[in-house]
Amino acid sequence: MLEGILLAQQTFKPRADNVILATQPKCGTTWLKALAFAITNRSRYDFSDHPLLTRHPQHVVPFIEIPTAGSDHHAAVIEALPSPRLLATHMPMSLLPPGTTSCGCRVVYLCRDPKDTLVSRLHFENKLVEGFSLSMDAAFSMFYEGFSPYGPFWDHCLEYWRESVARPNTVLFLKYEEIKSDPMQVVRKLAEFLGVPFTQEEESSGAAQEVVKLCSFEKLTSLQVNQVGVVRPRNNVRLSNSVFYRKGEVGDWVNHMSQEMAEKLDSIVQHKLQGSGLVF
Ligand code: PAP
């Protein structure tokens, strides 16, 4: 991960019209990629013949710092993308390439209840490498001590949260649970933030509903492209397309984590976020 981040810092040239989707792993990246892609491209594609019906959401929005499958020249691929670029990152705000936040581009940050994030990650990691099995106890200890792929969970959220409070027109802060409970409202908010609000005519024709439906867990998991095939190799580990979908629920942690662990995690997160206004 460090290699990709360092390379991105040296090579990525931010543009004012970039839209950057920032997340910690397992906080809903796939969903956000699909939603942002569907919203920003809705005048180009018909919903009945849409790229998301045949392409994985992870493929339609590339990561700045994670090479696309089969590409040895990721920086050149990213640079060659026409404006306006829709890009994703797992990097914490403080590690974004120079100029990214000051160039005027918009950032959408999506986070998720830390307990569900941890449970989702544990399942993901255990599916990646055959024979590899991380226990809930071990995963919990690491998460609790701040050993997460892109730094401590709370630091990652806090950096983007503070920026979203200071510059709400630049950083939109969303929660997975918020999209789950009212996807239509979030889709409208996202469109507004991205400068492409739904028109009266679109509202009447149900365009926002179409976006929600196309990007829903049920729809995406029913498509062949999200069931078979491989998204991208990571450190020689081949990621199957289906590995990005599991349950897509809020509160699944109760089935995998003890009450004691949950309380401990809630308490450290609460402590770390104290005074920021951000709560889970
Ligand atoms: P990534 O960071 O590795 O790209 P990411 O997409 O953030 O992964 O996380 C996958 C989680 O989002 C999974 O959660 P779960 O393990 O709790 O089930 C996955 O099911 C969920 N997810 C993927 N697509 C959707 C969707 N369209 N709607 C809701 N949840 C989704």
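None of the figures in this text is laboratory data; all of them are computed from the coordinates on show. Everything numeric in this text was worked out from a predicted model, so none of it was measured. Please note: Cβ atoms are built from the backbone with ideal geometry, for glycine as well, and neighbour counts cover all protein chains shown.
Some values worked out for this structure:
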quantity	calculated
Tally, over region 116-142, of residues that are in a helix (DSSP H, G or I) and more than 16 Å from N241 (Cα to Cα)	12
Residue count, region 35-52 (criterion: over 20 Å from Q224 (Cα atoms), part of a loop (DSSP other than H, G, I, E, B) and in contact with a helix residue (DSSP H, G or I) (Cβ under 8 Å, 6 or more places away or on another chain))	2
From E79, E130, residue being surrounded by fewer than 18 Cβ atoms within 10 Å (Cβ to Cβ), among the charged types (D, E, K, R) and free of Cβ contacts under 8 Å to residues at least 12 places away in the same chain	E130
Subset of region 123-137 [more than 9 Å from the ligand (Cβ to nearest atom) and of a type in the set (A, V, I, L, M, F, W, C)]	L128, V129, F132, L134, M136
Wholly enclosed helices (runs of 4 or more DSSP H) of region 159-263 bearing at least 3 residues more than 12 Å from the ligand (Cβ to nearest atom) and surrounded by 15 or more Cβ atoms within 10 Å (Cβ to Cβ)	183-193, 207-214
Residue list for region 18-43, filter: more than 18 Å from I78 (Cβ to Cβ), within 15 Å of the ligand (Cβ to nearest atom) and not basic (K, R)	Q24, P25, C27, G28, T30, W31, L32, A34, L35, A38, I39
Pairs, first polar (S, T, N, Q) in region 161-180, second away from the ligand (no atom under 16 Å from the Cβ) and part of a helix (DSSP H, G or I), C-beta under 9 Å, six or more apart	N169/F193; T170/E163; T170/S164
Index of the failed condition, P67 passing every other in (1) free of Cβ contacts under 8 Å to residues at least 40 places away in the same chain; (2) touching a His at 6+ places or on another chain (Cβ under 6 Å)	(1)
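One line per residue, one yes/no per condition, for (1) within 16 Å of the ligand (Cβ to nearest atom); (2) aromatic (F, W, Y):
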| position | (1), (2) |
| --- | --- |
| L2 | no, no |
| I5 | yes, no |
| Y45 | no, yes |
| P51 | yes, no |
| E65 | yes, no |
| D72 | no, no |
| A75 | no, no |
| M91 | yes, no |
| C105 | no, no |
